[in-house]
Structures are given as C-alpha cells and as structure tokens.
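A.B. asks: My questions will all concern the structure given below.
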Amino acid sequence: MRKKARISKFSNQMGDFLILVVNSLRAGQTFLQGCQVAVSESDNPIAAEFKQVIKEVNLGLPEAESMENMLTRVPSEDLKIVVSAYIIQRKVGGNLAEILETTAATVRERIKIHGMIDTLTTQGKLSGGLVASMPFFIALAVSVINPRYIEPLISTIPGYFLIGIAITMQLTGAFIIFRIVDIEV
C-alpha cells in the first residue's frame, strides 16, 4: 500500500515538475539543468528520483538509460509516457520544451480522469461491500429476534452445507462487483 501511495504521489507531482522543466528549457537551460531547478522546487518522491537521475548522469550514465532506471524504480504509467517522449525526442529530434509541455498536459488529464473514475466507482465498491455483508446482518437479526429459525441452519450438516454455499456465492458476487468497478486508466 505504501508503494502504491508513493507511485500515486509521484504521478500527481509529475505535471508540475514537467512544467518547471519546460520553463527552464525555454529560458535556455539544458534538460539536466531544468531538472536540477525543478528538483529544488519540488517535494519528495519526485525530487529524490530526479536527484538520482542527475547523480547517475553526472557519474557518466547516458541520460536515456538513467531515465529508464528511474522507470524501473518507479513503475508509473505517467512516468513511462514521459520517459518514452524524452527518448523518442532524443532519437528523432524536435523541440523538447513543446514535447514535455504536451506530455505534462497529457499526464494532468490522465490524473484528472483517474480521479473521476475513482469517484464514480466508489459507489459500486460500496454497494459490493454492502451486498456482501447484508446476509450476515440479516442472519444476526434473525438469530436475535427468533433463535429457533436459525437453529437448524447452524446445528445440522445440511445447514452447514447451505452456509458454505451461501458464503461462497456471496464472496463470488462481491469479487465480480469489485472486478467490474476496477477500471484501469
């Protein structure tokens, strides 16, 4: 969970970080100088990862390879887009500032859409949890109101068999609901 939270925080910082790099590139600095400026203005985890990139490049590793190393450390789809755009630009050429600006806009849109999807699917997840827990609450209420109704279910072999089937079906239904509302961006 901590790894997922760190990657999410990294991705949320990516758009602003790229804009800082773009502004530095337009001011006439190199990509690494722009990254250095953006690192000084940003918080962790993105600042720590790009510091590592700068350190690796200063030790002689090619920029593209250092960026790919960062992608290995932080397996983010947004970072994958940025690294791919950077590597393609280095091979083909073009205006890096424009490419990174477009990439920043793409990353921001992805984050916005991901937030909207999370908001919309929360209702489905809540419904799945509620549907899965409902039979247990009903069984508890029936056992409090009239324990003789529930007694054959919890004291006989066929009752145990029916409870097992019911739990299996409930868990299967909850799993299916959670799979339906788990949408990848």
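A.B. asks: Tell me the label only: which of [x] 153; [y] 110; [z] 124 is volume of the Cα convex hull per residue in Å³ as calculated from this structure?
C.D. replies: Checked against the structure: label [x].
A.B. asks: Same structure again: Would you be so kind as to identify all helices of the chain, as entire DSSP H runs, whose Cα atoms reach 30 Å or more along the helix's own axis and whose mean Kyte-Doolittle hydropathy is at least 1.0?
C.D. replies: 157-181
A.B. asks: Right, another one. Can you tell me how much longer the chain between K112 and F178 gets when fully stretched, taken as 0.36 nm per residue apart minus their C-alpha distance, in nm with one decimal? Kindly include the intermediate steps, with their values, before the conclusion.
C.D. replies: Details: separation 66, 0.36 × 66 = 23.76 nm, distance 2.16 nm.
Result: 21.6 nm gained on full extension.
A.B. asks: Springs between alpha-carbon pairs under 10 angstrom, Gaussian network model over the chain: which of V83, V92, V74 fluctuates most?
C.D. replies: Of V83, V92, V74, the most mobile in the Gaussian network model is V92.
A.B. asks: Ok, one more. For region 115-181, just list the percent of Cα-Cα distances falling in each 10 Å bin from zero outward, please.
C.D. replies: Taking every Cα pair in region 115-181, the percentages come to 20, 38, 25, 13, 4.
A.B. asks: Please work out the Cα center distance from region 89-109 to region 149-185, rounded to the nearest Å.
C.D. replies: 50 Å
A.B. asks: Of the cross-linked pairs K3/K55; K4/K91; K51/K112; K9/K112; K91/K112; K55/K91, which ones have a Cα-Cα span greater than 25 Å in the structure shown? Write out the running numbers ahead of the final one.
C.D. replies: Numbers: K3/K55 23 Å; K4/K91 32 Å; K51/K112 27 Å; K9/K112 14 Å; K91/K112 30 Å; K55/K91 22 Å.
Beyond 25 Å: K4/K91; K51/K112; K91/K112.
A.B. asks: Under a plain spin-label model, where a point goes 7 Å from the Cα along Cα-to-Cβ, how far apart in nm are Y149 and K9?
C.D. replies: 5.0 nm
FYI, it's all coordinate maths here, none of it is from the lab. Not measured: the values here are computed from a predicted model. Virtual Cβ from ideal backbone geometry, glycine too; neighbours counted across all protein chains shown.
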